[in-house]
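The next block holds one structure in the form of structure tokens; read it before the comments.
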Amino acid sequence: MTLPSKTPASPHRPKTAALLAYAEDALSPDGRRRLERHLFGAAADEPGCDVCQKELAAIQLYDGLVDDVEAEAPEVDFSRMELKLAREAQRISVEMEQVRRPSRWPLFAAAAAAALLLAWLAWPAPAPQVAERPPAPAIPDPADDVAPAPAESPALMPVVTLASAAYRVDGQVDGQRAPLVVGETVPEGARVATEPGGAAHVRLLDGTGFALHADAALSLTRAREDGVELTLERGAVSHAVTGFAHESRYVVLAGGYEVEVVGTRFVVAYVETELSIDLREGALEVRTPEGETLRLEAPARWRSGGAAEDGEPRDEDEVTAPWALSADEPRTRVSLSHPDLVRWAVDGAELEGEAPIALAMRRGEHEVRGWDARGRLHTALLRVGDVPVEIDPGALVPEAPRVRPGNLTTEQIAPVLQRGRRLIQRCYETALRRGGTVQSHIRLRVSVGHLGEVTRAQVLGLEGNDEMTTCIGNYASRWTFPPPGGPVTFEVPLTLSATQ
């Protein structure tokens, strides 16, 4: 508090008790006003008490000094002092505490000295030098020995290369069926299925993929660079596994069985709880639900509930190879559709089904063939560029219907020739009467229709005599043979001579 400068009044003893209470803010409001009028005067021209002003200033200075000492001095630990010195320090400390409130100004010097003494006594003595023990060896944490979890292998990008009446179900479409589209990626965990007459081919990586047959379903449980796991729910699926690293696994699960590939081409079918395997190339390991492991080497066939079957696998044309497994060549989506065709053949691959077919094809020219239900062939030349192509049904030109060839035996031909020989002889004699040289050894080529009628008759070996040639041809075209069941052509030698 800043004290105003006042003219000193008559001296008297300072009101120490009241001033201590004033400094501690312990006076009542009325007592505080009366003391302030005494200290500073009731009016501006009235002098205050300079004796009490000096006493108040000393009290305030003392309080500030004690507060600083108490704040800076550390706590005294009397247990570390000698007994006599400790008792003396405690006595001084108690006396200072007792005199602080009743009359602190007269004992100011003693209190300050006691505070300085306590600070000196409490100053820590230098600790004796003790040889430090070497730190105990660190105990290894068992958790440090646990190897960190290996990083997940990179995911594959399975691509649809052929789709016909096929769909998929995965989280991207909220569990709803979505048509399978050529060129799209099938995510890990998706379910791929085909309807009756449908097909779906998926390339997992270069040289490796699978072909889902008609009315089949499987789940792409895992598709990573270090392994593929497919769960076959129903139907048959063909596999080609040639592009995997040696340490990678390719596993097919079906009905509790586990089929692991050792680089191969094979077909797995799961129909009505029975598993069958048709191994074309390489080797397989089959683990049964009972824990038994069987090894198959191509060529072999195997069915659950029995040992490997003897004999060769199915014919090559019965095994559907996955389409477009090579990722090196650019491909374009091609759609095949025709209202009358039930089977297609493109680039050596045959596809069954009446539903439209979409597949990824190399760029360039391709011959497309299709067959209707009666077996009639339709062909078209398809040019594929970098733009998706949809084949025009009108571009598929049907071939002429195939006709089954007929057959006539010698016993069926001889009677007809015997009856017609008299008329052929007449043609020869007529030519002789008209003069000139006439050949007597000729050959007759006859074409017969499926009902036995002669469709064409040709005279061979008779040169320069058109009249005789025409005469023989006209007579031979009137012959009728037994129905041969189809067209047939034959040749017969004839030797003619003049009658006597």
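The residues of the stretch 396-417 that are over 20 Å from Gly449 (Cα atoms) and without any contact (Cβ under 8 Å) to a residue 40 or more places away in the chain, listed by number, are Val397, Pro398, Glu399. Being surrounded by 13 or more Cβ atoms within 10 Å (Cβ to Cβ) and assigned to a helix (DSSP H, G or I): is that true of Ile442 here? Taking the combined requirement at face value, the residue does not satisfy it. Pairs linking a residue in the stretch 15-37 that is in contact (Cβ under 8 Å) with a residue 12 or more places away in the chain to a residue that is in a helix (DSSP H, G or I) and of a type in the set (D, E, K, R), with Cβ atoms under 8 Å and 6 or more positions apart or on different chains, are Lys15/Glu55; Thr16/Glu55; Leu19/Glu55; Tyr22/Arg32; Ala23/Asp63. Can you tell me how many residues within the stretch 398-430 are at pLDDT 90 or above and assigned to a loop (DSSP other than H, G, I, E, B)? Residues meeting the conditions: 3.
Check whether at least one residue in the stretch 272-279 is at pLDDT below 85, in contact with a helix residue (DSSP H, G or I) (Cβ under 9 Å, 6 or more places away or on another chain), assigned by TED's automatic domain parsing to the domain that holds Leu204 and charged (D, E, K, R), and report yes or no. The answer is no; no qualifying residue exists.
Which count do you get for residues in the stretch 355-395 that are in contact (Cβ under 8 Å) with a residue 60 or more places away in the chain and among the hydrophobic types (A, V, I, L, M, F, W, C)?
Of the residues in the stretch 355-395, 5 are in contact (Cβ under 8 Å) with a residue 60 or more places away in the chain and among the hydrophobic types (A, V, I, L, M, F, W, C).
Just one of (1) modelled with pLDDT of 75 or more; (2) within 20 Å of Leu230 (Cβ to Cβ) fails for Gly183. It is (2). Total residues in the stretch 327-350 satisfying the condition of being crowded, with 19+ Cβ neighbours inside 10 Å and not in a loop (DSSP other than H, G, I, E, B): the figure is 7.
Restricting the search to the stretch 367-387, which residues are among the hydrophobic types (A, V, I, L, M, F, W, C) and in a strand (DSSP E or B)? Of everything in the stretch 367-387, those that are among the hydrophobic types (A, V, I, L, M, F, W, C) and in a strand (DSSP E or B) turn out to be Val368, Trp371, Leu377, Ala380, Leu381, Leu382, Val384. Per the listing Leu205, Leu212, Leu218, the residue uniquely within 14 Å of the chain's Cα centre (by Cα) and crowded, with 18+ Cβ neighbours inside 10 Å is Leu205. Kindly establish whether Pro313 is at pLDDT 85 or above and farther than 14 Å from Thr208 by Cα. Against the criterion (at pLDDT 85 or above and farther than 14 Å from Thr208 by Cα), Pro313 does not qualify.
The values are calculated or read from the model by the stated rules, or taken from the named source; none is laboratory data. Keep in mind that this is a model prediction, so the values were computed, not measured. Here Cβ is always computed from backbone atoms with ideal geometry, including for glycine, and neighbour counts include all displayed protein chains.
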